[in-house]
Amino acid sequence: MNMHAIPQRTSAETALIDAFGERLSLLPGDGEIMVRRDEAIERLKAGLPTKRVESWHYTDLRRLLTAVPQYDGSAKAEVLSPILEGSAVLPVLNGVAATNKLPTLDGVTIQPLAEKLADGSFAAAALDLYGNDDAVGALNTAFVADGYFVDIAAGTELATPLELQNVQAGGQTHVRFPVRIGKGARVTVLERQAGEGTALASSVSQLLVGDDAEVLWLIEQEQADTATHLAQFKASLGKNAKLTLFVMNTGGKLVRQEIIVDAAGEGSVFTLRGVNLLAGDTHTDVTMVLDHSVPHTTSTEVVRYVITDKAQGVFQGRINVAQKAQKTDAKMACNTLLLSDDGEFSVKPELEIFADDVQCGHGATVTEINHDHLFYLMARGVDEKTARGLLVKAFVAEVIEELEDEALVDALEARIETWFATHG
Amino acid sequence: MLEIKNLHARIAEDGTEIIRGLNLTVKAGEVAAIMGPNGSGKSTLSYVLAGREDYEVTEGEILYNGESILEMDPAERAASGIFLAFQYPMEIPGVATMEFLKVAMNAQRKARGEEPLTIPEFLKRVKAAAGTLDMDMAMLKRPLNVGFSGGEKKRAEILQMKLLQPKLCVLDETDSGLDIDALKIVADGVNALRSPDRAIVVITHYQRLLEHIVPDTVHVLYKGQVIKSGDKSLAMELEANGYAGIIEEAA
C-alpha cells in the first residue's frame, strides 16, 4: 500500500508479520479465503501507511502504531448490558463469538463468522481490499477470526434492536460483521466497540442494504484509552434504501473509523451523524468515502468533535458523484469545538463531481466556546465550569437529538454525561 | 443599594473609554431610569454592572450593599442578586430553556447555601410565572431563545427575573422591539417586582416605557457621565424637548 521504500520495519510491523506466522494455522477458512489473507499480509509487509499516503496524511499509522500487543487467549471479557434495554445481543468476547448466548429472532439468520469462514459458504470476495491504501482492510482480512454473519430476510421489521457487541479484554482481536438486509426490512443495529486493556482491535462491518430497506446503524466506540481501534464500515444501498449511520467515539488511544458507502440504488438516502469526544493524549480519525453512483440519491453528513487536552481529531470526508448521478443532493458539515490550546484538529472535505445537475456542498468550522453565550449563562448565576459544560453538551446534543428514538437519545446522553464526568 | 463612584470603563480590546467618571446612587425600593442618546454609554453601564469581561474598569468603584463587586465574576454577581435583562438576549442552540432555568435557579440557591428545588416545586414556579407573562409552556421546551420573536425574548428575560428574584434589576432597553401589548405585559411583570427591598434600574432611550414603569428618579447619561438627575418630570421634559437642551445646559 505504500510505494515508498521503507528502510526498516518498525517493531509494530515486525510484530504483525510474526503474529501472522504464529496465527496462520488457527485462522478459519482455506482456498480463496487463504489467498486473500496472503495478499493482505503482503500489503502489510510493504509497510504501514505514512503521512505521505494521501488518505493517511493526518494519521501516520506507521508512526502512531507504536506497539502491537500479543494475542491473549486467557483474557476474558464479559457480556455488557446492552445500550438499549431489551436489545438482542450478539456478543464477541475478546475476538471470539460467544455462541452459547445467541438470541433467536424471526426473519434473522445468525451464524458465527468463524464457522462460516470454515465451512466454505462465505464469499471470499467480501474480503477484498478497498483501493490501494486499505491498511485497515488488510489488517482485518489477514487476521479475521470471528464475528457474526447476519442475514435479515426481506420484509422483516425488527421490534427490538440488534446489538453487535465487540468487547476487548486486551491483546489482539480481528472481527468482522457481514450483514445482509433484505428488501423492505426495517432494523436498528447497535455496534458496540468496548473493552479494557491494551488492545489492538480491527473490526469491519459490511452491509448490503436491500431495496426499500430502512436501517439505523449506530456505532458506539468506547474502548479503553490504551486501545488501538481500527474500524471500517462499508455499505452498499439498494433502490430507495435508507441508511442512517450514527457514529459516537468516546474512547480509544488511536482510533480510525472508516466509512465507505455506495449509494448504488436510485432514490437511496444516506445520513451520517457523528459525535466525537476527544481528551487526553489520543488520536481519533473519522474518514468517509461516499459514492453517489446513480441518479436521484441524497446524503447529508453532520460530524462534530469536542477536543480537549492534547487530543488530535481528524475528519476526512470525500463525496464522489459519478457522471450519470444527476440530481444528487449531498451536504456535508463538520464542526469542531476546540477547548484547549494543545488540542489539534485536521479536516479535509473533498467533493469530486462529474455530473452537472447536482446540489453539493460542504462546510467546516472550528471554534472555541462562544463567549457571549458563556457570559449570558454566567449572568444568570451559573458558574463558569457548569456553564462551559452546558454549552459543550449543547453542541453535541443538537446532533443526538435528531435521532427520533427517545430511549436511544437518553442512552447516548448518559454516555456523554459519563464522558464529561471523567474528562469535562 | 447601588453606589457608583467616579466610574471609568473602557472596551478591553481597543481601550476606547466609554464611561468617563460616572456617579450614581440607587436606593432600595427605588426605580431609577437611565436615559440618554445613542452612544452615551447606557448599554456599557449595564454590561459593566453585570461583569462582562469585554469591558475594563480603570478607575472608580461600584458598591453593591456597601461592598465592591469589581472583583466578582458575572456568576458571583448574579448569585448575589444582580440581574441584567439583556437588550439582545442570546440564542443558545442545544440548551433547552427549562433545563437552563433549572440550572440557573439551583446554581443561585447553591451559592446561597439552599437545597436545590424539587422538580414539582420548580415546575410550579415556572408555570405560575409564565402564566402572568402570557407565555406558552411549549415555548419553554424549545432551545433557549432560539426562534423566539423579539417580544418573546423580552418576556423570557422577565420570566427569568421573576424566577430568580434578584435584589438589583438592570433592564437594558427592555422596550426595544416590543409592540404596545407586549410592552404592557413586560411592564406589568416588572411592576409586580417593585418592592421596598429591591432596586430597579431601567435603561431606555425613549420615555415610552416610563409611562408603564413609572420611575422615582431619572438620570440623563451623556458621554459616559450622568449630566442631570431629577424625578419623572425630567423624562417628560426630555420627551418634549429632546436631549439637546440638557446637553447644552450641562456643557
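Tabulated values for the structure
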{"item": "Additional length obtainable on full extension of the chain from residue A:371 to residue A:405, 0.36 nm per residue less Cα span", "result": "9.0 nm"}
{"item": "Heavy-atom SASA rank of A:360, B:169 (probe 1.4 Å, accessible area, largest first)", "result": "A:360, B:169"}
{"item": "Those trypsin sites (Lys or Arg not before Pro) in region B:96-161 that DSSP places in a loop and that have at most 15 other beta carbons within 10 Å", "result": "B:112"}
{"item": "Normalised contact order of chain B, rounded percent, pairs of Cα under 8 Å and 6 or more residues apart", "result": "29 percent"}
{"item": "Whether region B:1-80 is rounded, prolate or oblate, judged on the alpha carbon gyration tensor where a/c under 1.5 counts as rounded", "result": "oblate"}
{"item": "Among beta bridges that DSSP assigns inside chain A, antiparallel share in %, nearest 5", "result": "5 percent"}
{"item": "Interchain or long-range residues, amide H under 5 Å from residue A:350's placed H", "result": "A:317, A:318, A:319"}
{"item": "Neighbour cut-off at most 15 other Cβ (10 Å), DSSP loop, GluC sites (Glu not before Pro), region A:1-88", "result": "A:78, A:85"}
{"item": "Average other protein chain Cβ within 10 Å of Cβ, residues B:108-120", "result": "1"}
{"item": "Reach of residue B:141 by Cα under 22 Å, taken over lysines that are not fewer than 8 positions away in the same chain", "result": "A:393, B:102, B:124, B:127, B:153, B:154, B:162"}
{"item": "Accessible surface of residue A:420 - all protein chains present, 1.4 Å probe, nearest 10 Å²", "result": "30 Å²"}
{"item": "Percent RCO, i.e. relative contact order, over chain A, from Cα pairs under 8 Å lying at least 6 residues apart", "result": "9 percent"}
{"item": "Shape call, chain A: gyration tensor on alpha carbons, a/c limit 1.5", "result": "rounded"}
{"item": "Local electrostatic count, residue B:208, Cβ distance below 13 Å [Lys/Arg +1, Asp/Glu -1]", "result": "-4"}
{"item": "Fraction of beta bridges assigned by DSSP in region B:2-250 that are antiparallel (%, nearest 5)", "result": "55 percent"}
{"item": "From phi via Karplus (6.51, -1.76, 1.60), per-residue ³J(HN,Hα) for region A:99-110 in Hz, x at Gly/Pro", "result": "6, 6, 10, 7, x, 10, 9, 4, x, 10, 9, 10"}
{"item": "More than 25 Å apart - percent of Cα-Cα pairs taken over region A:46-192", "result": "39 percent"}
{"item": "Label point at residue B:149 placed 7 Å out along Cα→Cβ; residues across region B:122-140 whose backbone nitrogen lies under 20 Å", "result": "B:130-140"}
{"item": "Charge tally in the Cβ shell below 12 Å around residue A:35, where Lys, Arg are +1 and Asp, Glu are -1, residue A:35 excluded", "result": "-4"}
{"item": "With all protein chains modelled, accessible area of residue A:423 [1.4 Å, Å²]", "result": "70 Å²"}
{"item": "Calculated [θ] (222 nm, deg cm²/dmol) that DSSP helices of n ≥ 4 give over the protein assembly as shown, each run adding -39,500 (n - 2.57)", "result": "-8000 deg cm²/dmol"}
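The values are calculated or read from the model by the stated rules, or taken from the named source; none is laboratory data. Computed from a predicted structure; not experimentally measured. As a convention, Cβ positions derive from the backbone with ideal geometry for all residues, glycine included, and neighbour counts pool all protein chains shown. Surface areas here come from the heavy atoms of the whole protein model, side chains and all, with no ligands, DNA or RNA. Shrake-Rupley method; radii C 1.70, N 1.55, O 1.52, S 1.80 Å.
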